[in-house]
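Report on the following structure.
The values are calculated or read from the model by the stated rules, or taken from the named source; none is laboratory data. Small disclaimer: the values here were computed from a predicted structure and weren't measured. Counting neighbours? That spans all protein chains shown, and the Cβs are built from the backbone with ideal geometry, glycine included.
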Amino acid sequence: MSVRILALVGSLRAGSHNRQLAEAAVKLAPEGAEVELFEGLADVPFYNEDIDVEGSVPAAAVALREAARAADAFLLFSPEYNGTIPAVLKNAIDWLSRPYGAGAFTGKPVAVIGTAFGQYGGVWAQDDARKAVGIAGGKVIEDIKLSIPGSVTRFADTHPVDDAEVAAQLTEVVARLHGNVGETTAA
């Protein structure tokens, strides 16, 4: 049985380096793991408890929740916007945190990685994302980290999948997240 890892990207830009990093994760997934890049975060409305009512949940939020419930683990890709997590990623976490105590993240392993232009690769945003998804019920794997600085120059002419160092690091991240699925279900 293949382990399903749902990738959520905190940037909506078509040429986003975090999206490229997620595309690389899809290609580099080890045998036994399938990384699915979720499309459609741009269509998910801001979380509002008034519309999170059975029978009236927006279709885009339903699609996100269904994909998340089918996942065994999550890999979040976060750029850094003004020193913190992008709204689109935080919004996805909010939708997946509900219903309270039984959201789609509950008990499933989660890793947060990413790239950003700054010298630290977006660590503040990634730390904020780890905090939010942990509160939302995910089992954050704190020792799986990958923050790639200087994205604008590093990936100006090279896709992350073609950067040998990044490809090796990303392969290790996905393999370690995959390995945590069995540990989480056995615990």
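List pairs: first in segment 107-128 and assigned to a loop (DSSP other than H, G, I, E, B), second surrounded by fewer than 17 Cβ atoms within 10 Å (Cβ to Cβ) and aliphatic (A, V, I, L, M), Cβ under 8 Å, 6+ apart or cross-chain?
That search, which allows pairs on different chains as well, returns F117/V152.
Tell me which residues, restricted to segment 66-90, are crowded, with 18+ Cβ neighbours inside 10 Å and over 22 Å from K145 (Cα atoms).
Passing the criteria: only A67.
Could you tell me whether segment 70-80 includes any residue that is under 22 Å from G40 (Cα atoms), at pLDDT 95 or above, over 14 Å from the mean Cα position of the chain (by Cα) and not hydroxyl-bearing (S, T, Y)? It would help to see each step written out before you state the result.
The initial filter retains those residues of segment 70-80 that are under 22 Å from G40 (Cα atoms), namely 70-80.
Remaining after also requiring at pLDDT 95 or above: 70-80.
Still in the running and over 14 Å from the mean Cα position of the chain (by Cα): 70.
Then drop every residue that is not not hydroxyl-bearing (S, T, Y), which leaves 70.
Yes, there is a match, as at least one residue in segment 70-80 is under 22 Å from G40 (Cα atoms), at pLDDT 95 or above, over 14 Å from the mean Cα position of the chain (by Cα) and not hydroxyl-bearing (S, T, Y).
If I ask for residues that are hydrophobic (A, V, I, L, M, F, W, C), surrounded by fewer than 18 Cβ atoms within 10 Å (Cβ to Cβ) and under 18 Å from S11 (Cα atoms), which ones from segment 95-122 would you list?
Step one: of segment 95-122, the residues hydrophobic (A, V, I, L, M, F, W, C) are 95-96, 102, 104-105, 110-113, 116-117.
Imposing the further condition that a residue be surrounded by fewer than 18 Cβ atoms within 10 Å (Cβ to Cβ) reduces the set to 102, 117.
Listed by number, the list holds a single entry, F117.
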